[in-house]
Amino acid sequence: MKANQHVLIIGFVWPEPNSSAAGGRMVQLISIFKEQGFDVTFASPAMDSDYMVDLADLGVFKKSIALNCSSFDVFVKELNPSIVLFDRFMMEEQFGWRVAENCSDALRLLDTEDLHCLRLARQKAFKEKRSFSIDDLLIEDVAKREIASILRCDISLMISEYEIELLQSIFKIDSSLLYYLPLLLESIADSTIQNLPSFEDRNNFIFIGNFLHEPNWNAVQYLKETIWPLIRKQMPEAVLQIYGAYPSQKVLQLHQPKEGFHIMGRVDDAQEVVKSARVVLATLRFGAGIKGKLLEAMQCGTPSVTTTIGAESMCGDLPWNGFITDYAKVFADKAVELYQDKTIWLKVQENGFRIIKKRYLKSLFADEFVKHIFKIQSHLKQHRLNNFLGTLLQHHTLASTKYMSRWIEEKNK
């Protein structure tokens, strides 16, 4: 299969790698395509933001597109990409039928980021003060939309092995439609590790996360109300710094320096602040996917205390770079122990480097991923014939979504 291909990425938002793991993920995917010599166009209906990456710097052509507008048909037909990557299922819903209609031979990839339906079902169960069950997923409207989108695409990129297993066992998605591609990192040189700040040179606890993401806001509330008072009881002088993009007024109101609870807001270089902290606290009580903040902690040599949701699918059978617990008292005790015990701290720091080396190196995944794309392209017709449910959904979507979109377009005139 020829390497000089054109990839069209249809983004939910313009990538902000310094604001979220999703933004970092998108830049990683762009770099894989660029390294293979592919031409890349990134299109989005979103407004520009102050923090978006400069796509021209990455050698990527930028294009603003409109929802429910046939101008996209003209654009995509002219571009005639060989690969279209949808950033989250909402973009496939909006533009997938237009891609199928105007360049039917293009390989359709879906980057799920995380399973939205899983995150939302867990969130709903949490808000209703009950345990999450698989039935919550089956009745979730978002699940019906997201699964339909996965079926309509040729390959869906998954960052979590747990979610792949869930899709196969509960939703009976064929393994040929799913591809495991976690967040990808460059290998860390020994000299970089040796130059990281030492145990003694670090201080304070830290939490970091984009506040547009509901699990992060909930985690900070839980820290403030429950975990932090337990830590301060044992360490009256302890300081916790909360960093993250897009803090709302309700987040800023939690700033209580007298209690050692500091809302710091956005930071230009997340790695710098994580490197200078001694322990990362990730009190996530619902969510999905794998957590960029915890991977970043490992890169920075900063041990973490998190929950089973926080660590889900992240370390395989390797030991965690810190502690995993869902009990508030244990969480606080382990945070204090990790902060004060240098021997344990150094041991679990090493665990983090090992997890990255065994599970997240770009070199382990990038070439195999591109080979897989070429392989599916070489027998795309058969691949789609084998996915009858996807063809069926594509047929009905073309009929329903298409006319709904056309009606909106007419109405907007």
Within the stretch 206-228, which residues are open to solvent by 20 Å² or more (accessible area, probe 1.4 Å) and in a helix (DSSP H, G or I)?
Glu214, Trp217, Gln221, Tyr222, Lys224, Glu225, Thr226
So which of Ile231, Ile193 is buried (at least 18 other Cβ atoms within 10 Å of the Cβ) and β-branched (Val, Ile, Thr)?
Ile231
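For residues that are of a type in the set (Gly, Ala, Ser) and farther than 20 Å from Asn4 by Cβ, scanning just the stretch 57-70, find the one that is modelled with the highest pLDDT.
So the first thing to find is which residues in the stretch 57-70 are of a type in the set (Gly, Ala, Ser), and the list is 59, 64, 66, 70.
Of the ones still in play, those that are also farther than 20 Å from Asn4 by Cβ are 64, 66, 70.
Working: Ser64: 98, Ala66: 95, Ser70: 92.
That would be Ser64.
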Could you check the stretch 268-284 and list, in sequence order, the residues that are out of contact with any helix residue (DSSP H, G or I) (no Cβ under 6 Å at 6 or more places or on another chain) and assigned to a loop (DSSP other than H, G, I, E, B)?
Asp268, Asp269, Ala277
Since Ser400 meets every condition but one in (1) surrounded by fewer than 20 Cβ atoms within 10 Å (Cβ to Cβ); (2) not in a helix (DSSP H, G or I), which condition does it not meet?
(2)
For the structure I just gave you, tell me whether Asp73 is in a helix (DSSP H, G or I), modelled with pLDDT of 95 or more, within 23 Å of His395 (Cβ to Cβ) and open to solvent by 10 Å² or more (accessible area, probe 1.4 Å).
yes
Pairs where the first residue, in the stretch 292-313, is in contact (Cβ under 8 Å) with a residue 60 or more places away in the chain and assigned to a helix (DSSP H, G or I) and the second is open to solvent by 10 Å² or more (accessible area, probe 1.4 Å) and β-branched (Val, Ile, Thr), C-beta under 9 Å, 6+ apart
Lys293/Ile208; Glu296/Ile208; Gln299/Ile188
Residue in the stretch 249-292 that is most open to solvent (accessible area, probe 1.4 Å), counting only those that are among the acidic types (Asp, Glu) and at pLDDT 95 or above
Glu272
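Every residue, every condition in (1) touching a residue at least 12 places away in the same chain (Cβ under 8 Å); (2) within 21 Å of the chain's Cα centre (by Cα), yes or no:
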position	(1), (2)
Gln5	yes, no
Ile30	yes, yes
Lys34	yes, yes
Phe38	yes, no
Met47	no, yes
Leu55	yes, yes
Ile65	yes, no
Asn80	yes, no
Leu85	yes, yes
State which residue is most open to solvent (accessible area, probe 1.4 Å) when the search covers only the stretch 29-50 and only residues that are assigned to a loop (DSSP other than H, G, I, E, B) and in contact with a helix residue (DSSP H, G or I) (Cβ under 8 Å, 6 or more places away or on another chain).
Gln36
Which ones in the stretch 156-190 are acidic (Asp, Glu) and either surrounded by 19 or more Cβ atoms within 10 Å (Cβ to Cβ) or touching a strand residue (DSSP E or B) at 6+ places or on another chain (Cβ under 6 Å) (or both)?
Glu163
Can you tell me which residue in the stretch 326-360 is least open to solvent (accessible area, probe 1.4 Å), limited to those that are over 23 Å from Pro236 (Cβ atoms) and assigned to a loop (DSSP other than H, G, I, E, B)?
Tyr360
Given the conditions (1) touching a strand residue (DSSP E or B) at 6+ places or on another chain (Cβ under 9 Å); (2) open to solvent by 50 Å² or more (accessible area, probe 1.4 Å), and given that Met26 satisfies all but one, which numbered condition is not satisfied?
(2)
Condition met for Asn203 (part of a loop (DSSP other than H, G, I, E, B), among the polar types (S, T, N, Q) and within 30 Å of Glu92 (Cα to Cα))
no
If you take the residues in the stretch 11-23 that are open to solvent by 20 Å² or more (accessible area, probe 1.4 Å) and assigned to a helix (DSSP H, G or I), which one is nearest to Ile208 (Cα to Cα)?
Ala21
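Provide a single number: the residues in the stretch 88-146 that are in a helix (DSSP H, G or I), of a type in the set (Val, Ile, Thr) and surrounded by fewer than 19 Cβ atoms within 10 Å (Cβ to Cβ). If you could, list the steps in order and put the result at the bottom.
Going through the stretch 88-146, the residues in a helix (DSSP H, G or I) turn out to be 89-102, 116-127, 134-138, 141-146.
When the remaining residues are screened for being of a type in the set (Val, Ile, Thr), the result is 99, 134, 142.
After this cut, where a residue has to be surrounded by fewer than 19 Cβ atoms within 10 Å (Cβ to Cβ) as well, the list is 134, 142.
The qualifying residues number 2.
Residue by residue, here is whether (1) within 21 Å of the chain's Cα centre (by Cα); (2) of a type in the set (S, T, N, Q); (3) within 27 Å of Leu392 (Cβ to Cβ) holds:
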| position | (1), (2), (3) |
| --- | --- |
| Met158 | yes, no, yes |
| Leu166 | yes, no, yes |
| Phe171 | no, no, yes |
| Leu177 | yes, no, yes |
| Leu184 | yes, no, no |
| Ile193 | no, no, no |
| Leu196 | no, no, no |
| Phe199 | no, no, no |
Please name all residue pairs, on different chains or six or more residues apart, with Cβ atoms under 7 Å, provided the first residue is in the stretch 149-176 and is closer than 22 Å to Gly316 by Cα and the second residue is aliphatic (A, V, I, L, M) and open to solvent by 40 Å² or more (accessible area, probe 1.4 Å).
Ile170/Ile134
Selected residue (criterion: least open to solvent (accessible area, probe 1.4 Å)) from residues of the stretch 52-70 that are over 18 Å from Ala22 (Cβ atoms) and assigned to a helix (DSSP H, G or I):
Ala56
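The values are calculated or read from the model by the stated rules, or taken from the named source; none is laboratory data. Everything numeric here is computed off the predicted structure, so don't read it as measured data. Quick reminder, even Gly has a Cβ in these numbers, built from the backbone with ideal geometry, and neighbours come from all protein chains shown. Keep in mind that these areas ignore ligands, DNA and RNA; they rest on the heavy atoms of the full protein, side chains included. Shrake-Rupley method; radii C 1.70, N 1.55, O 1.52, S 1.80 Å.
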